[in-house]
1. Under a point spin-label approximation (7 Å from Cα along Cα-to-Cβ), what is the Asn124-Asn60 distance to one decimal in nm?
2. Can you tell me, using C-alpha contacts under 8 Å and at least 6 residues apart, the relative contact order of region 38-187 as a whole percent?
3. For region 38-187, treating each Cα as an identical point scatterer without solvent, what Debye log10 I(q)/I(0) comes out at q = 0.09, 0.14, 0.17 1/Å?
4. Quick one: which of Lys47/Lys123; Lys163/Lys183; Lys125/Lys163; Lys67/Lys123 span more than 31 angstrom between C-alpha atoms?
Amino acid sequence: MKPFLTKNKISNLLFVLALVVLLYPPSREWFMRQIAFSPSINLEGNKTIDTYDWELKGLNTSNINLKQMKGEIIFVNFWATWCPPCRAEMPMIQNLFDDYKENVNFIFVTNENWTKVETFFEKNKYNLPVYNSVSLAPQLFLETNSIPASYLIDSNGNIVIDKVGAADWNSDKVRELLDNLLKEKNLK
């Protein structure tokens, strides 16, 4: 008598499970969160923001111009509700935002309307400040068409993190960097 689970059945089952993980959005997001790494940090300061003149329309917050934040620490994230890697990193970003929103300026830029974003936020209990770009973004932000794309700018305008793709933004490495940037800023 043949065993119930043959080698062939096991490999077929694993193939189906792999397809489910890759094709079913919630499982794909879960999988991406499991493999997300801390973003690389660049303290050399070889990339700086070229202009702070960038108008943003607040969808769930006030309109701003990036000029208002010159000399501050800024986290910018380009994202969309339909983007699996964006959705995968959102819980980690929300945790970081919850702890640093008083000291770091968070800017989440999408080209979607508030109705779509609001539905997504309500479902997931997010409260991140979301904007639509009104004017041309700084050149550095235009160098990629991929999302998510995230940038951490120190108080001197240096890009210390430039990350395309999902990352673990709630890592000890990122938190330590933010703490150090805040200490440095407060010493000025």
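1. 1.0 nm
2. Value for region 38-187: 39 percent.
3. Computed log10 I(q)/I(0) values: -0.25, -0.63, -0.97.
4. Numbers: Lys47/Lys123 37 Å; Lys163/Lys183 23 Å; Lys125/Lys163 25 Å; Lys67/Lys123 33 Å.
Among Lys47/Lys123; Lys163/Lys183; Lys125/Lys163; Lys67/Lys123, the Cα-Cα distance tops 31 Å for Lys47/Lys123; Lys67/Lys123.
Here, each number is a calculation from the coordinates, and none is a lab measurement. Bear in mind the structure is a predicted one, so any value in this text is a computation, not a measurement. When we count neighbours, we look across all protein chains shown, and the Cβ atoms used for this are built from the backbone with ideal geometry, even at glycine.
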